[in-house]
Amino acid sequence: MSNGLVDVFVRFNITGLSPDSQEDEAGIKQAAEIKALIDQEVKNGIPSHRIILGGFSQGGALSLYTALTTHQKLAGVVALSCWLPLRASFPQGPISGVNKDIAVLQCHGDSDPLVPLMFGSLTVEKLKSMINPANVTFKTYAGMMHSSSLEEMMDVKQFIDKYLPPLD
């Protein structure tokens, strides 16, 4: 049986870093086929509600997109220094999918020059309109650029401990 940890490298094209930049819709949807990996973990005996998706930058963006479009109920999403891709393709109000109550930890440095904090702020606003806003946590880190910090990793650990408690 798998331990439930899967490391995947996925990529899609980024054509610009502004809220109105054109997005690589085909590439994002193709990269979101990590859904097949979730299905494989379920076949290996890991219940989908014990799976947390997570990533940094493009990986975080893809984790958010996948969680909001998959048919598997997930435990949560850790989204670091990222944005919600194809945000205009989602409904203006609450989603009706299995992950409408999913827990999201979104973290962002306030000095990120690659994915500006504004992207994180726009994403959290959109998420809170789509899923249960009580389950969306947005943390910012003073002086952090497009990187990570010990404080952020401790917040990630606390999130994982909360939403994936040990099985007795």
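The values are calculated or read from the model by the stated rules, or taken from the named source; none is laboratory data. Note that the coordinates shown come from a computational prediction; the quantities given were computed from them, not determined experimentally. As a convention, Cβ positions derive from the backbone with ideal geometry for all residues, glycine included, and neighbour counts pool all protein chains shown. The area values use the complete protein model at the heavy-atom level, side chains included, leaving out ligands, DNA and RNA. Shrake-Rupley method; radii C 1.70, N 1.55, O 1.52, S 1.80 Å.
Close amide H partners of residue 54, meaning residues 5 or more places away or on another chain with modelled amide H under 5 Å apart, are 78. Using the average count of surrounding beta-carbon atoms within 10 Å as a protection proxy, the listed peptides 69-75, 140-146 rank, highest first, as 69-75, 140-146. The GluC sites (Glu not before Pro) found in region 64-157 include none that occupy coil by DSSP while having at most 14 further C-beta atoms within 10 Å. Look at the Cα gyration tensor of region 95-134: its axes a ≥ b ≥ c give a/c of at least 1.5 with a/b over b/c, and that counts as prolate.
Legend: translational diffusion of region 35-85 by Stokes-Einstein, Rh = Kirkwood radius over C-alpha pairs, 4 °C, 1.567 mPa s; D = 120 µm²/s. Placing a pseudo-label 7 Å from each Cα along the Cα-to-Cβ vector at residue 145 and residue 132 gives an inter-label distance of 3.9 nm.
Element breakdown for region 37-168 at a 1.4 angstrom probe: carbon and sulfur atoms account for 58% of the accessible area. Under the convention that each Lys and Arg Cβ holds +1 and each Asp and Glu Cβ holds -1, the size of the dipole of region 31-150 around its Cα centre is about 260 debye.
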